[in-house]
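Below: one structure, written as structure tokens.
Bear in mind these aren't lab numbers, they're just calculated from the coordinates by the rules spelled out. Keep in mind that this is a model prediction, so the values were computed, not measured. No Cβ is skipped: glycine too gets one built from the backbone with ideal geometry, and neighbour counts run over all protein chains shown.
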Amino acid sequence: MITAATVKELRDKTNAGMMDCKRALEETNGDLEAAITLLREKGIAKAAKKADREANEGTITARISADGKSGILLEVNCETDFVSKNENFQGFVAGIADALISSNAADLTAANAVTSQGLSIEDTIKAKITEIGENLLFRKYVRYEAQGEGAIASYIHMGGKVGVLVEIGTTNAATTGNEGFRDLIKDITLHIAALSPRGLAREDISAEVVAAEEAIYRAQMLEQGKPEAMLDKILPGMMKKFFAENCLLEQGFVKDPGVTVKALLESKGKELGDTLTLRRYVRFGLGE
């Protein structure tokens, strides 16, 4: 006989509906573990039906290890803003982040395979889809491990709409404990969140993008009546402006546009008695 207590126990373990739990127990002759398996199988099937629905809401979050030598940035999407702001969803994503910072998962594929509370992250997300009734998508994941001396830092902007992960290298291990260094790395993450650079330096902007911009500038100058013979003389100045707007090291610092990020790093390094290197960064925009 299937009792109300057994149905409740199954519901507590699976977050499935009362009638779903009752039917699962009936189909498995009251075997609780078999019923859990059956509900998981049905849950995954239901999740698959929702997989083609757009999931562009959600949240971006980050975790930094206690020693500041590693960090992760991840984005999990849902369908509606209502769910994204829900404490249940926020707590769910926080749990994923906590599990991943404790792992050594280097990319999204490895992150999906990490086990948390007996399930892979991938299966945990599928189960959550059934619970909340919306499609969820583990869209992006990046992990940084410090390459030598230095520190990893993160910044989450607009309540999870934008996230930044950055690595700044030093030559002196003690520098990372300096308050001035911590203020600098915070400012750099704020800058990246605000100005959304396309690359760290000029070589990080693809040749295709550069060629496309040059073609646009040439067409604009011809439209303005500039002689074609003068275009090659004018174009370098226009591209210099393009790189200054799009390359992180050449951008004017958001809090003092008259100083480039590269110059800021150099001056702060001298102040701290060190040489600072902005090694890499990544910026996530929700749904991008």
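Applying 1/(1 + (r/R0)^6) with R0 = 22 Å to the Cβ-Cβ distance of residue 86 and residue 8, what FRET efficiency is obtained, to the nearest 0.05? That pair, residue 86 with residue 8, gives E of 0.40. Charge tally for residue 56 (other residues, Cβ to Cβ under 12 Å; Lys, Arg +1; Asp, Glu -1): -4. Working from label points 7 Å from Cα in the Cα-to-Cβ sense, the residue 67 to residue 179 distance is 2.6 nm. How far, in degrees from 0 to 90, does helix 231-246 lean away from the longest principal axis of the Cα atoms of the chain, to the nearest 10? For helix 231-246, the angle is close to 40 degrees. Other residues whose C-beta falls under 13 angstrom from the C-beta of residue 212 contribute a net charge of -1, scoring Lys and Arg +1 and Asp and Glu -1. The angle separating the long axis of helix 32-50 from the principal Cα axis of greatest extent in the chain is about 40 degrees. Between the range 138-212 and the range 241-273, the alpha-carbon centres lie 13 Å apart.
With axes computed from alpha carbons, what is the tilt in degrees of helix 261-272 against the longest principal axis of the chain, rounded to the nearest 10 within 0 to 90? So the helix axis and the longest Cα principal axis differ by about 90 degrees. Net charge in the neighbourhood of residue 170 (other residues with Cβ under 15 Å of its Cβ; Lys, Arg +1, Asp, Glu -1) is -2. Over the range 1-135, the fraction of Cα-Cα pairs per 5 Å bin, rounded to whole percents and listed from the shortest bin up, is 2, 10, 18, 18, 18, 14, 10, 6, 3, 1, 0, 0. The candidate values are (i) 0.96; (ii) 1.32; (iii) 1.27; the one derived from this structure for Cα Rg over 2.2 N^0.38 Å carries the label (ii).
Is it possible to state the helix-based mean residue ellipticity at 222 nm for the chain, with each DSSP H run of 4+ residues giving -39500 (n - 2.57), the sum divided by total residues, to the nearest 500 deg cm²/dmol? What is it?
Working: 11 runs with 139 residues, N = 288.
Taking each H run of at least 4 residues, the total per residue is -15000 deg cm²/dmol.
Checking every one of the trypsin sites (Lys or Arg not before Pro) in the range 205-277 against DSSP loop status and a limit of 14 other Cβ atoms within 10 Å picks out 255. Each of residue 171 and residue 202 was given a label point 7 Å from its Cα along the Cα-to-Cβ line. The distance between the two points is 2.5 nm.
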